[in-house]
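The values are calculated or read from the model by the stated rules, or taken from the named source; none is laboratory data. Given the structure is predicted, the values throughout are model-derived calculations rather than measurements. As a convention, Cβ positions derive from the backbone with ideal geometry for all residues, glycine included, and neighbour counts pool all protein chains shown.
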Amino acid sequence: MNRMVRVGLTVFLVIGIIFLSRNQFSQARDDDMQQEQSASGMTELQANPEDEEPGSVKPPPSTRPNISTPGKYSIGGVCVLEIISLARGISVSTQRLDYTSVPVPPENVGNFLAGVCRVVYFSGPTLIPAISDEQGEVNICFASIPNITPTNFVWSDIDLKWYPQPTQIVEELNCSPAEITGNYVLIGKK
């Protein structure tokens, strides 16, 4: 009798396992079908440009409204524009650009080490080529790179020239004045 109970329990256990595994297989198949449907739905959603991009981590904006107040402003996560002062009526527009927006670096100074940060000054609605000491004090900073002494350069698209900027390390940043309207880059030899 004891043996019959064990055989019965074993048969019952085996049937239970088969039933449960079959149920899980069916559920896995249904989950796969739902994932395929949602994946195809995601493809349709992503193809719609009116929908927002998925994900919670967003890069800083590459452009922003004109700035006229003191403070530190990130330009697309590439550099920081520090506005110490701006005279009334002076504003600055910033934008992160691709390397293709500037010509190759000047000879014998190295390569681009960070992205391009565009800085454009305005007096009212009029673009100005640079700000004077009376119009304001602005610095631009790029992250420091160990064992490299780079220089901040600005490409002036007004007179189409590179201008090296006096660069110093401040709190692990390569900082220089940013008084010229143009495209600022960090250049150095690796």
| request: Please work out which one of (1) at pLDDT 95 or above; (2) touching a Ser or Thr at 6+ places or on another chain (Cβ under 7 Å) is the condition residue 184 fails and give its number. | output: (2)
| In the set 165, 95, 135, which member is touching a Ser or Thr at 6+ places or on another chain (Cβ under 9 Å) and under 18 Å from residue 77 (Cα atoms)? | 95
| field | So residue 95, is it surrounded by fewer than 20 Cβ atoms within 10 Å (Cβ to Cβ), in contact (Cβ under 8 Å) with a residue 24 or more places away in the chain and within 17 Å of the chain's Cα centre (by Cα) | value | yes
| remark: For the range 132-179, the count of residues that are surrounded by fewer than 18 Cβ atoms within 10 Å (Cβ to Cβ), of a type in the set (D, E, K, R) and in a loop (DSSP other than H, G, I, E, B) equals 6
